[in-house]
Structure formats: structure tokens, C-alpha cells
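Report on the following structure.
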Amino acid sequence: MALINEQFLKLSESYLFSEIAKKVNTFKVIHPEAKVIRLGIGDVTQPLPSAVIKALHKAVDEMGNIETFRGYGPEQGYRFLIDAIIKNDYESCGISLDPDEVFVNDGAKSDTGNIGDILSKDNRVAVTDPVYPVYIDSNVMGCRAGELQNNGFWSNIIYIPCHAGNNFIPEFPEVRPDVIYLCYPNNPTGTALNRKELKKWVNYAINNNILILFDSAYEAFIQEEDVPHSIYEIKGAKQVAIEFRSFSKTAGFTGLRCGYTVIPKELKAFNFAGDKVGLNQLWNRRQCTKFNGTAYIVQRAAEAIYTPEGKAEVKANISYYMRNARLLYDNLKAIGLEVFGGVNAPYIWVKTPKGISSWKFFDRLLFERHIVGTPGVGFGPSGEGYLRLTAFGKYEDTLEAIDRLKTWKI
Ligand SMILES: *Cc1c(COP(=O)(O)O)cnc(C)c1O
């Protein structure tokens, strides 16, 4: 008799986006003539840069030629891509990495979820709240979350609330965690940590033997000088942090799939005997068993992002989205709403007016302005009373959304 992993039964069916889809569908049945503008789901709209398309075509042709065909590649990724990553994303910030400290993958979601494979289920895990749901759900599957309580919190997860009251800057929790997920610039709040604030967390981790899982999927959107692009810009971070990056939002790879994970060799955790063990070697072992590498053509496509042409196109894409972010931010403020994020990230985090709930505000925005957002409470209890809008829409749609908002009596 085959038994299932019972943990899966504790997880609700990805309630948030299916509930949104249901409500939007109902609305469309009632108002078939309405043009609904979707600023809800965090997916990009701009096509891949032409440098990427060119590289893809070339790589596809190589695969059809007996001289240049490639079969299985290295599980960790091809050197051409790893070298481009190190040179452009790290050495440019004064960070040196060895090629075997970088693991190319098929996107950051996989590795932020899979990293639990090399960590004991006895770890106490902390997350900032609201949170990217993958961090919680993957820990439920890995038996680290405990039970879901009526207040929306999992009993074994340590939640670090981030809200307007603390300016979205996480404070050290009362109970010391073993592992903490930090995502900066943040999804969903769109806020960032400056150098001084991130340094506090690195020092806290060093002093308390905590592992930081640092998700910097939105690094390319950083506009302010004082916001670090990599956690390794902070002294000592290589001893305590794994960094996850993704080409998804940076270069439109949400459908193509590529990202990478950095695990420095000096990063150690403990076995039950209290000996230090390098996480790099464990992750390498894990990948070699369960992962057979990212497609060659996709890695060639990712490499093209680092050519002068690719860099210019990526920069233009980011500016396009950040112009949307600015417009949303300014105009929502102008109509009297409290607004956060949007400066170093493509997300705008809106406080609901008059203390109404996230879902109530979502309904009003949909029915009164035909705009779809994401209720903040869907990202965790501290997201109640907020709504997320994304800057990933088309410019024209964003402008139209703003026109509709300008005349809104809230
Ligand atoms: C979009 C996103 C990712 C990247 O996901 P991919 O699997 O690389 O597409 C990672 N973390 C956060 C917080 C995100 O929002």
C-alpha cells in the first residue's frame, strides 16, 4: 500500500489566484462589455530581447548539426554562462566567486523550494510577513511548518511582520530562527532594504549561526544607490547566505526558464555532532542526483543578456516597467491612498482606504474601476489591509488604469 506525504493535505489548493480568477470570471459574466485591466499576477508582458532571440536561433541550429550538437550538459550549468554571471553580476560589484559556487537552474522558484532538501526538518524557519508563498508551502511539504492555525499562521514558522508601522523593515524575532528567508527587493510589498539594514541581518546571522536564504529575483529593478544588489556586498555574508537570482523578471524569462543559485564554499551549517559541513558540496550532490541541467539553448539565451546589445535591451525593459511603477505610485498617492514600494521593485503595495479588508478593496477596484489587483492578505496575515498592483502591465493599460483611478471616489 502506497502512503502519501500527508503534509500535502495540509496545504490548501493555491487559493489566492484561483479565487481571483473566479471573481474576475463572475464579473465578466455580469459585465461582458467591460475592459478589465489586469495588474494582479506578477508576470511580465514585454517580449524577450532581440539579442536573446538571436542567441536562441543560433543555439537551435547548433543542436541540429552533428558537429555542434550537445547532449547532457554539466548539472551545474555551462561555464560560458557561469563566467558571464560572475563577471557581470558579481565582479562588477567587487564580489569574487569561484565558478563552482554558481549553480544554473530553470528558475528561482525551483531552488527556493528545493533548497529544503539539504536542510534538516528540525530547523526553525522564519519568514517576513507578507511573503512569497513558495517559502511557506515548500516548508510545509518538508515538515517544518507545523499546523495551520485559525489566525492564518503556521505553528512552527516564525513570522516577522512588515507593515507601514515599521516602514516594512523587518525586526529580529523574539525566538531565534535557524533559517530565514529574506526577499529584497520584496515581493509582494515592493520595498527594499538599504545597506545598513541588510548588514544588521547579516551580523545577526553570523552571531547566531543562522542561514539566510536571500531571494534577489528583483535585483535588476533597484534604482537607489544605497540598496545592495547582492547580499555578498555585505562583509561576512558568504559565511551565512545563499543567494537566488532569476532572469524571469529581469529579462522576460518567465516562460523560457533560467536562473541561478550562489552557494559560497565558506558557507557552513552543522550536523548533529556539531561539526560544520559545507552547503556547497551538499547542494552539488543534490543537483547531480535530481537535476540534469538547464537546456543548452536556454543557457545560450541567458548568456546573450550580458552582451552589450542584451544589456541595453534589458535596461530598456526595466525602465519601461519602472515608468509604470512611478505612474501608479504617484497617481494612487494623488487620489489620497497610502502607497508603498514601487521605487526599487515593480510592485506597488497599497493600503486599503478606511481600513477595509484586502478582499473588499479588491472587489471594489474590480467592480467600480474594472482593475484587477492582488489582495495583500493572500501573501500572509500581515498583508491584510493591503493590495498589490504590478508594474508589469503594458504602458497603455497602465495609463488607462490611472485615468480610471483619477475619477474614483474612494
Ligand atoms: C518571480 C519570483 C521568483 C522567480 O521565479 P522564477 O522561477 O525564476 O520564474 C523568485 N522569487 C520571487 C519572490 C519572485 O517573485
Exercise for review: State all residues of segment 172-183 that are out of contact with any helix residue (DSSP H, G or I) (no Cβ under 7 Å at 6 or more places or on another chain) and either in contact (Cβ under 8 Å) with a residue 12 or more places away in the chain or within 15 Å of the ligand (Cβ to nearest atom) (or both); if no residue qualifies, say none.
Suggested key: Pro173, Val175, Pro177, Asp178, Val179, Ile180, Cys183
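Could you grab me the full set of residues in segment 122-144 that are among the charged types (D, E, K, R) and without any contact (Cβ under 8 Å) to a residue 60 or more places away in the chain?
Once the filter is applied, which keeps residues that are among the charged types (D, E, K, R) and without any contact (Cβ under 8 Å) to a residue 60 or more places away in the chain, segment 122-144 yields Asp122, Arg124, Arg144.
Within segment 75-93, which residues are more than 16 Å from the ligand (Cβ to nearest atom) and touching a strand residue (DSSP E or B) at 6+ places or on another chain (Cβ under 7 Å)?
Gln76, Ile82, Ile86 - these are the residues of segment 75-93 that are more than 16 Å from the ligand (Cβ to nearest atom) and touching a strand residue (DSSP E or B) at 6+ places or on another chain (Cβ under 7 Å).
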**Study point:** Where a residue in segment 188-217 is at positive phi and surrounded by fewer than 16 Cβ atoms within 10 Å (Cβ to Cβ) and its partner, wherever it lies, is at pLDDT 95 or above and in a loop (DSSP other than H, G, I, E, B), with Cβ under 9 Å and at least six apart
**Key:** Asn209/Asp178; Asn209/Val240
**Study point:** Cross-chain or 6+ apart pairs with Cβ under 6 Å, segment 100-121 first and over 17 Å from Gln281 (Cβ atoms), then away from the ligand (no atom under 13 Å from the Cβ) and among the aliphatic types (A, V, I, L, M)
**Key:** Val104/Leu81
Exercise for review: Determine, yes or no, whether Glu101 is closer than 28 Å to Ile136 by Cα, of a type in the set (Asp, Glu) and assigned by TED's automatic domain parsing to the domain that holds Arg245.
Suggested key: yes
Exercise for review: Of the numbered conditions (1) over 23 Å from the mean Cα position of the chain (by Cα); (2) in a loop (DSSP other than H, G, I, E, B), Asp100 fails exactly one; give the number of that condition.
Suggested key: (2)
Review point. For segment 261-271, does any single residue satisfy the condition of being in a helix (DSSP H, G or I) and at pLDDT 95 or above?
Key: no
Check your understanding: Do you know which of the residues in segment 101-154 that are surrounded by 18 or more Cβ atoms within 10 Å (Cβ to Cβ) and among the basic types (Lys, Arg) is farthest from the ligand (Cβ to nearest atom)?
Key -> Arg144
Review point. Quick one: is Val131 aliphatic (A, V, I, L, M), assigned by TED's automatic domain parsing to the domain that holds Pro173 and assigned to a strand (DSSP E or B)?
Key: no
Practice item. Spot the failing condition for Ser96; the list is (1) more than 16 Å from the ligand (Cβ to nearest atom); (2) in contact (Cβ under 8 Å) with a residue 12 or more places away in the chain, and only one is missed. Key: (2)
**Study point:** In segment 296-329, residue farthest from Ala391 (Cα to Cα) [restricted to those that are touching a strand residue (DSSP E or B) at 6+ places or on another chain (Cβ under 9 Å) and polar (S, T, N, Q)]
**Key:** Gln299
Check your understanding: Are any of the residues in segment 42-52 crowded, with 16+ Cβ neighbours inside 10 Å, over 12 Å from Tyr296 (Cβ atoms) and away from the ligand (no atom under 16 Å from the Cβ)?
Key -> yes
Check your understanding: Hey, does segment 154-165 have a residue that's in a loop (DSSP other than H, G, I, E, B), among the hydrophobic types (A, V, I, L, M, F, W, C) and either modelled with pLDDT under 95 or in contact with a Cys (Cβ under 8 Å, 6 or more places away or on another chain) (or both)?
Key -> no
Study note, to complete from the structure: Conditions (1) more than 16 Å from the ligand (Cβ to nearest atom); (2) in contact (Cβ under 8 Å) with a residue 60 or more places away in the chain; (3) part of a helix (DSSP H, G or I) -> Lys22 fails only (2)
Exercise for review: Output the residue which, of all residues in segment 184-208 that are in contact with a strand residue (DSSP E or B) (Cβ under 7 Å, 6 or more places away or on another chain) and within 16 Å of the ligand (Cβ to nearest atom), is nearest to Lys235 (Cα to Cα).
Suggested key: Thr191
Practice item. Being surrounded by fewer than 19 Cβ atoms within 10 Å (Cβ to Cβ) and hydroxyl-bearing (Ser, Thr, Tyr) is the filter here, so list the residues in segment 75-97 that pass it. Key: Ser92, Ser96
Check your understanding: Residue check: is Tyr72 part of a loop (DSSP other than H, G, I, E, B), away from the ligand (no atom under 16 Å from the Cβ), surrounded by fewer than 22 Cβ atoms within 10 Å (Cβ to Cβ) and aromatic (Phe, Trp, Tyr)?
Key -> yes
Review point. Of all residues in segment 229-257, which are more than 26 Å from Asp43 (Cβ to Cβ) and either in a loop (DSSP other than H, G, I, E, B) or within 16 Å of the ligand (Cβ to nearest atom) (or both)?
Key: Ile234, Lys235, Gly236, Val240, Ala241
Practice item. Determine whether Leu9 is farther than 20 Å from Leu405 by Cβ and at pLDDT below 95. Key: yes
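The values are calculated or read from the model by the stated rules, or taken from the named source; none is laboratory data. This is a predicted model, so every value here is computed, not measured. Backbone-built Cβ (ideal geometry, glycine too); neighbour counts: all protein chains shown.
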